[in-house]
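Take a look at the structure set out below.
The values are calculated or read from the model by the stated rules, or taken from the named source; none is laboratory data. This one's a predicted model, so the numbers in the text were calculated from it and none came from an experiment. Positions of Cβ are backbone-derived with ideal geometry, glycine not excepted, and every protein chain shown enters the neighbour counts. The area values use the complete protein model at the heavy-atom level, side chains included, leaving out ligands, DNA and RNA. Shrake-Rupley method; radii C 1.70, N 1.55, O 1.52, S 1.80 Å.
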Amino acid sequence: MQRKKIVSGIAPLVLLLLSSCGRIVDWTKSNFYQGEDVVLYDEKVSPYIKNVTIYDQLDTKANFSAMWLSDPIRAAYAQLHTKRMGKDETQYKAFLRRQLEENNHYITLYVLSTHEVKLGVPESYWSLFLRVNGRDYMPFELKEVELPTEYQQFFGKYWNRFKVPYIVRFRLVDENEDSIISDQTEFISLFVRSADKEHAFIWDLYEQQEPAPLMQSAPIKRKKRR
């Protein structure tokens with residue numbers, strides 16, 4: 001009975017506190033200038049961002065977030081970067097063209113890991129590889145980098161000071177100079193694998209969506225790969 005009385009007494013206090021929080025937020029915004037919001041159009045990037053936490057029983061073994069720098073992601077980056085820097089439409093198109101040209105040669109991803117789970121060094125417990133059409137490919141570049149502000153924004157809640165960003169690149173062509181992605185390729189998979197655990201980040205190539213442009217004109221259209 002005594003416990004019920006205590007719970008009944010706490011409940012109104014919690015409700016009062018929650019209602020007060022809303023008033024405090026409103027008061028803060030009205031008294032401390034927050035700046036003008038920028039339309040980021042980053043809701044279109046979410047299909048290209050994957051996250052996983054891998055456990056061993058109740059112990060956390062690793063947490064990875066991966067972003068495939070597909071054409072729509074690079075277009076969104078070009079849009080946000082040129083807008084943030086105050087560039088005009090001509091500069092935007094030139095920057096976008098350079099970004100998209102990268103995807104004619106490489107499959108590139110940003111991967112976030114925790115500080116204690118290192119990647120791309122000899123002592124790494126986890127390795128990464130790409131699987132396309134049933135064949136596995138090792139990265140030709142995997143290194144720790146500074147993550148550009150725009151990509152930090154795209155990662156959203158997955159990006160914080162406890163994460164280390166890595167860039168991972170795979171060549172778009174095989175040893176015979178043939179593209180590893182064809183018109184029949186349905187998806188690509190980035191594997192993270194240890195001695196006893198693995199996980200595959202999968203991107204469906206038929207679910208790609210173009211991000212809404214920030215500039216007046218639409219992003220430059222690219223020819224479909226053969």
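Once the chain from residue 193 to residue 140 is taken as fully extended at 0.36 nm per residue, the excess over their C-alpha distance is 17.4 nm.
Peptide packing for 170-182, 188-200, 107-119 was compared via the average number of neighbouring C-beta atoms within 10 Å per residue; ordered from the highest value, the list is 107-119, 188-200, 170-182. Taking Cα centre as origin and charging only the Cβ of basic (Lys, Arg, +1) and acidic (Asp, Glu, -1) residues, the dipole magnitude of the stretch 76-130 rounds to 280 debye.
With the full set of protein chains in place, find how many percent of the accessible area of the stretch 84-157 is carbon and sulfur; take the probe as 1.4 Å.
Values: 2030 of 4280 Å².
Within the stretch 84-157, the accessible surface is 47 percent carbon and sulfur.
Its Cα centre serving as origin, the stretch 89-217 has a Cβ charge dipole (Lys and Arg +1, Asp and Glu -1) of approximately 500 debye. The order of the peptides 91-98, 74-81 by mean Cβ neighbours within 10 Å, most packed first, is 74-81, 91-98. One decimal place: the segment residue 58-residue 94 gains 8.0 nm when fully extended, by the rule 0.36 nm per residue minus the C-alpha distance. Whole-Hz Karplus values for the stretch 135-142 come out as 10, 9, 10, 8, x, 8, 8, 8 Hz, taken residue by residue from phi with 6.51 cos²θ - 1.76 cosθ + 1.60 and θ = phi - 60°; glycine and proline positions read x. Residues in the stretch 48-135 average 48 Å² of solvent-accessible surface per residue, probe 1.4 Å, ligands and nucleic acids excluded. Let me have the relative contact order for the stretch 39-166, percent, based on Cα pairs under 8 Å that are six or more residues apart. Contact order relative to length: 25 percent.
Close amide H pairs (under 5 Å, H built 1.01 Å from N) link residue 114 with 63, 164, residues at least 5 positions away or on another chain. Of the residues 104, 132, 63, the one whose Cα sits farthest towards the positive end of the charge dipole of the stretch 46-180 is 63 (charges of +1 on Lys and Arg Cβ, -1 on Asp and Glu Cβ, taken about the Cα centre).
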